[in-house]
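Single-structure report; data block below.
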Amino acid sequence: MDNKKKAEEVKAKVVGPEEKPAVIAIIALIAGILSVLCHCVPIAGSAIGFLLSVAAIVLGIIEFNKIKKGESSTKGRGMCIAGIILGGVGIVFGIILLMIVILGTFGGMLGGIFDYYNYY
């Protein structure tokens, strides 16, 4: 029994405590993924997707700065970067969808005006 206990103590000293990614890094990644997915839903999904994109970017930057200062585990670094990138992609998707909606709405209005003059 004594040898087994000593072996566990030595293993604990060599390996050290298990590092886990910070919760904020995980939330940033999840928000980034959801922001991209929400843009597949028209109108309401785009608004929610935009808010999730901003949240992913802000949380990712906050946690990334904590990691750089050494205040947080380095295991969440990749999740922070992925959250920031996916948040940016979500914002770009939102802008593209907004432009499509605006051009579709006003393009139809202006198209009717020009069709009137084509009849004469």
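The values are calculated or read from the model by the stated rules, or taken from the named source; none is laboratory data. Everything numeric in this text was worked out from a predicted model, so none of it was measured. Please note: Cβ atoms are built from the backbone with ideal geometry, for glycine as well, and neighbour counts cover all protein chains shown.
Taking the criterion of being farther than 18 Å from residue 95 by Cα and of a type in the set (Gly, Ala, Ser), the residues of region 50-74 that qualify are 60, 70, 72, 73. Candidates are the residues of region 22-51 that are part of a helix (DSSP H, G or I) and modelled with pLDDT under 85; the one that is surrounded by the fewest Cβ atoms within 10 Å (Cβ to Cβ) is 44. Residues that are closer than 13 Å to residue 21 by Cα and in contact (Cβ under 8 Å) with a residue 40 or more places away in the chain within region 68-104 comprise 72, 73, 74, 75, 76, 77, 79, 80, listed in sequence order. Assess whether residue 19 counts as being modelled with pLDDT of 90 or more and either more than 14 Å from residue 94 (Cα to Cα) or surrounded by 10 or more Cβ atoms within 10 Å (Cβ to Cβ) (or both). It is false that residue 19 is modelled with pLDDT of 90 or more and either more than 14 Å from residue 94 (Cα to Cα) or surrounded by 10 or more Cβ atoms within 10 Å (Cβ to Cβ) (or both).
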